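Shown next, in structure tokens, is the structure this report addresses.
The values are calculated or read from the model by the stated rules, or taken from the named source; none is laboratory data. Source: prediction; values computed, not measured. All Cβ positions, glycine included, derive from the backbone under ideal geometry; neighbour counts span all protein chains shown.
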Amino acid sequence: MISRFLPPVRSLRGLLMREITLVLAAIWVFASAFILLGTWYDLHKSYIDQLSLLANTVATVLDKETISEASLEQTLHSRHNPNYFVIVRSAGRVVIRTPNSPETMDKNRFWFLEHAVSPSGKIEVYAGLRRDEMWETVFSVALSGAVPMLIGISATLVLLLTALRRGLRPVSALSEELSARNPDALDPIGTEDTPEELLPVTRALNDLFLRLKDALEKERRFVADASHELRTPLTAIRAQLDTVDRQGMDEASLAALGRVRLGVDRATRLVSQLLALARADTDMLAEPRPIAVDSVLAGIAAELYPQAVRARKELELQLEPVSLIGRPEDFEMMLGNLLENAIRYAHSTVTMSCRRDNGMLLIVVEDDGPGVAPDDRDALFERFRRGKRRADLSGAIHGAGLGLSIAATVAHRIGAEIALSEATIGGLSATIRMKL
């Protein structure tokens, strides 16, 4: 088939239109050829019959002397048509010849010829018709049928394209539904109004969603269970380290003990963040309700204030009263990680602000730390990733690279946007925007 030699088409609508167009074009070609051959056959037979009738009529009239040769010649000349000619012979000589008659009758390829002899055998008549005259008529008749048919086929293609768009509307609807879905939405697709042809695809997608949901749920349970199991022994180790008698230890032993305590603290924080990440990946939280965002942020700041004091960092708040429908746990998890990161990496100052901005909730957390290179900021939202400039700081900073990933996961789930930029006080700025 011709379509095998054409470049592949990735669009189902395009593929159907191409196949239909090829079929209709083939139909038009064959129909036009049929019209052309049929017209040629009919006209050829008609013209030959007319030439034969003309030649026999002239021969009979002259043989019976119904009209004189002079009168007949005058009549033929007066009705001269360059596409026809008549030659009359009597007793072997030419007595009548129209102006456009050929010089010879043998195998003439420009004329259709008919020869007639009178009943007495005295008169011979040759009548001819130009071949291109007949072909002009044939093409004219064929075009009169082929052109309207071509217009009809073109109109049919337009109607078919419209019908295809309507017929493929369920496919477009399914595509739009899948595109509009939240990446975490693994609920089955409804099949009530699904066409029979799309049911296998829809059922396969639903089966895939179910398997993905089970796999993700198993992963979350594993992370949560492992974190819970690890938290208890880490707490016990930390308690044992606190009871170690430091008196009598030399400087090397004290330094080693400090490194062990630092490692345990880091492991404990990692376990806590893994638990938070497992909670952030699931929707099994309280139902949304009206909350005062400024009060929630103030509570988060109060909880982390002792950490800021121990790190000798100033914590500044600029909170305007803002209310919305949401879950306090989401903001505690999201802003808690952002604020804790800012405290950890700041040199001396951390600010957190909250206000309305054109129907949006705008929350900004800034620090005056070393910041992050612009090319590295997007990578910070990946799990276990930290910016290069921050990773190069002293060993006093022990981050697992999960804080921003947790914040981004929660922000995505509640429909908020989180962006990183250069802070006005010199470090990193995390901005959250959310519709009120």
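Looking at this structure, is Leu24 surrounded by 14 or more Cβ atoms within 10 Å (Cβ to Cβ), assigned to a helix (DSSP H, G or I) and touching a strand residue (DSSP E or B) at 6+ places or on another chain (Cβ under 7 Å)? Spell out how you get there, then give the answer.
Numbers: surrounded by 14 or more Cβ atoms within 10 Å (Cβ to Cβ): yes; assigned to a helix (DSSP H, G or I): yes; touching a strand residue (DSSP E or B) at 6+ places or on another chain (Cβ under 7 Å): no.
Answer is no for this residue.
Here is a list: Glu340, Glu316. Which entry is within 20 Å of Leu428 (Cβ to Cβ) and in contact (Cβ under 8 Å) with a residue 60 or more places away in the chain? Explain how you work it out, then say what you get.
On the way: Glu316 fails: in contact (Cβ under 8 Å) with a residue 60 or more places away in the chain.
The unique qualifying residue is Glu340.
Would you point out which residue out of Ile123, Ile153 is within 30 Å of Leu43 (Cβ to Cβ), among the β-branched types (Val, Ile, Thr), in contact with a helix residue (DSSP H, G or I) (Cβ under 7 Å, 6 or more places away or on another chain) and modelled with pLDDT under 80? So that I can check it myself, show each step before the final result.
On the way: Ile153 fails: modelled with pLDDT under 80.
From the options Ile123, Ile153, the qualifying one is Ile123.
Which of the residues that make up region 37-58 are closer than 30 Å to Ser118 by Cβ and among the small types (Gly, Ala, Ser)?
Of everything in region 37-58, those that are closer than 30 Å to Ser118 by Cβ and among the small types (Gly, Ala, Ser) turn out to be Ser46, Ser52, Ala55.
For the subset of region 383-436 comprising residues that are more than 32 Å from the chain's Cα centre (by Cα) and among the acidic types (Asp, Glu), which member is modelled with the lowest pLDDT?
If we take residues in region 383-436 being more than 32 Å from the chain's Cα centre (by Cα) and among the acidic types (Asp, Glu), then Asp392 is modelled with the lowest pLDDT.
Report, by residue number, each residue of region 184-225 that is without any contact (Cβ under 8 Å) to a residue 12 or more places away in the chain and under 23 Å from the mean Cα position of the chain (by Cα).
Answer for region 184-225, where residues must be without any contact (Cβ under 8 Å) to a residue 12 or more places away in the chain and under 23 Å from the mean Cα position of the chain (by Cα): Ala185, Gly190, Glu197, Leu199, Pro200, Ala204, Leu208.
Filtering region 331-352 down to residues that are buried (at least 17 other Cβ atoms within 10 Å of the Cβ) and either of a type in the set (S, T, N, Q) or out of contact with any helix residue (DSSP H, G or I) (no Cβ under 8 Å at 6 or more places or on another chain) (or both), which residue is nearest to Glu314 (Cα to Cα)? Quick ask: steps written out before the conclusion?
Kept after step one, since they are buried (at least 17 other Cβ atoms within 10 Å of the Cβ), are these residues of region 331-352: 331-346, 349-352.
Filter again for either of a type in the set (S, T, N, Q) or out of contact with any helix residue (DSSP H, G or I) (no Cβ under 8 Å at 6 or more places or on another chain) (or both), leaving 337, 341-342, 344, 346, 349, 351.
Values: Asn337: 17, Asn341: 14, Ala342: 11, Arg344: 12, Ala346: 9, Thr349: 5, Thr351: 8 Å.
The residue in question is Thr349.
Rundown of residues vs (1) outside the structural domain of Glu133 (by TED's automatic domain parsing); (2) over 17 Å from Lys122 (Cα atoms); (3) modelled with pLDDT of 65 or more, yes/no style:
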{"residue": "Leu15", "(1), (2), (3)": "no, yes, yes"}
{"residue": "Arg18", "(1), (2), (3)": "no, yes, yes"}
{"residue": "Ala25", "(1), (2), (3)": "no, yes, yes"}
{"residue": "Gly38", "(1), (2), (3)": "no, yes, yes"}
{"residue": "Lys45", "(1), (2), (3)": "no, yes, yes"}
{"residue": "Thr57", "(1), (2), (3)": "no, no, yes"}
{"residue": "His80", "(1), (2), (3)": "no, yes, no"}
{"residue": "Gly92", "(1), (2), (3)": "no, no, no"}
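Identify all residues within region 137-186 that are assigned to a loop (DSSP other than H, G, I, E, B) and surrounded by 12 or more Cβ atoms within 10 Å (Cβ to Cβ); write none if there are none.
Of all residues in region 137-186, those assigned to a loop (DSSP other than H, G, I, E, B) come to 168, 181-186.
Selection gives Leu168, Arg181, Asp184, Leu186.
Give Leu174, Leu178, Leu186 a once-over and let me know the one that is touching a helix residue (DSSP H, G or I) at 6+ places or on another chain (Cβ under 6 Å), at negative phi and not charged (D, E, K, R). Break it down into steps so the answer makes sense when it comes.
Details: Leu174 fails: touching a helix residue (DSSP H, G or I) at 6+ places or on another chain (Cβ under 6 Å); Leu178 fails: touching a helix residue (DSSP H, G or I) at 6+ places or on another chain (Cβ under 6 Å).
After ruling out the rest, the residue left standing is Leu186.
Run down Leu241, Leu216 and say which single residue is in a helix (DSSP H, G or I) and either at pLDDT 75 or above or closer than 30 Å to Gly190 by Cα (or both). Before you say what the answer is, go through the steps one by one.
Numbers: Leu241 fails: either at pLDDT 75 or above or closer than 30 Å to Gly190 by Cα (or both).
Every option except Leu216 fails the conditions.
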